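Undergrad: A single structure is presented below for examination.
The values are calculated or read from the model by the stated rules, or taken from the named source; none is laboratory data. Everything numeric in this text was worked out from a predicted model, so none of it was measured. Virtual Cβ from ideal backbone geometry, glycine too; neighbours counted across all protein chains shown.
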Amino acid sequence: MTSSVVAKRYAKALFEVAEEQKCLDGVERDLKIVTATFNASPELVAWLGHPSTSSAKKREVFDKLFADVNQYTKNLLYVLADRRRENIVFDLAQAFNELANEARGIAEAQVTTAFPLTEENKAEIVKAFEPIIGKKIQITEKVDSDILGGVIVQVGDRLFDGSLKTKLARFQDGLKLGRIG
């Protein structure tokens with residue numbers, strides 16, 4: 001079984017507990033703290049993954065590093081330590097975030113533009129795409145000068161490509177086929 005499939009299962013279990021206990025926001029915040037800590041310390045991640053590191057030592061470190069996190073998040077970390085699955089934390093946090101957003105009616109939109117968006121541009125994109133998607137839109141911005149201009153919006157598996165690069169490619173294809181004259 002791939003680690004992302006396993007991560008999704010753990011995320012779903014944690015999500016169900018967090019939703020039942022009405023601490024979804026807290027657990028989501030905790031997972032951000034955990035992933036930020038893991039990102040900031042590659043030595044910690046290497047130590048956690050080392051075969052000679054015992055579950056008991058990992059639990060001690062988690063207790064010190066994450067003393068302020070919710071007990072459900074801490075229990076998850078313990079289970080991951082016991083089963084030597086600390087390597088799925090990043091995938092698990094992403095899957096949990098997706099489940100939480102789905103429960104809140106929020107869709108993550110990856111917006112690619114040639115230049116950074118202004119707040120006004122973001123508001124226009126949200127206004128245009130929320131009715132299409134049927135959910136509140138949360139924008140993650142990506143700048144890619146290769147698209148030349150326009151915008152590419154991806155929400156889940158739906159792609160809306162309004163880039164100048166794509167429009168020029170379509171125009172060129174039309175010229176080759178003699179459809180534009």
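Undergrad: Could you tell me which numbered condition residue 171 fails, if it satisfies all but one of (1) aromatic (Phe, Trp, Tyr); (2) more than 30 Å from residue 101 (Cα to Cα); (3) under 22 Å from the mean Cα position of the chain (by Cα)?
TA: (3)
Undergrad: Among (1) assigned by TED's automatic domain parsing to the domain that holds residue 151; (2) closer than 19 Å to residue 2 by Cβ, which single condition is residue 87 missing?
TA: Among (1) assigned by TED's automatic domain parsing to the domain that holds residue 151; (2) closer than 19 Å to residue 2 by Cβ, residue 87 violates only (1).
Undergrad: Quick one: which of 98, 108, 119, 141 is exposed (fewer than 13 other Cβ atoms within 10 Å of the Cβ) and charged (D, E, K, R)?
TA: On the way: 98 fails: exposed (fewer than 13 other Cβ atoms within 10 Å of the Cβ); 108 fails: exposed (fewer than 13 other Cβ atoms within 10 Å of the Cβ); 141 fails: exposed (fewer than 13 other Cβ atoms within 10 Å of the Cβ).
Checking each option against the conditions leaves just 119.
Undergrad: Name the pairs whose Cβ atoms lie under 9 Å apart, with the first residue in the range 103-132 and more than 19 Å from residue 156 (Cβ to Cβ) and in contact (Cβ under 8 Å) with a residue 12 or more places away in the chain, the second part of a loop (DSSP other than H, G, I, E, B) and among the β-branched types (Val, Ile, Thr), and 6 or more positions between them or separate chains?
TA: none
Undergrad: Return yes when residue 38 is modelled with pLDDT under 95 and among the aromatic types (Phe, Trp, Tyr) and no when it is not.
TA: Answer is no for this residue.
Undergrad: Restricting to the range 41-70, what's the tally of residues that are loosely packed, with under 11 Cβ neighbours inside 10 Å and under 20 Å from residue 28 (Cα atoms)?
TA: 3
Undergrad: Find all pairs meeting these conditions: Cβ atoms under 9 angstrom apart; at least six residues apart or on different chains; first residue within the range 34-56 and without any contact (Cβ under 8 Å) to a residue 60 or more places away in the chain and under 13 Å from residue 87 (Cα atoms); second residue surrounded by 15 or more Cβ atoms within 10 Å (Cβ to Cβ) and of a type in the set (D, E, K, R).
TA: Going by the 9 Å Cβ cut-off, the qualifying pairs are 38/86; 45/86; 47/58; 48/58; 48/86; 49/86.
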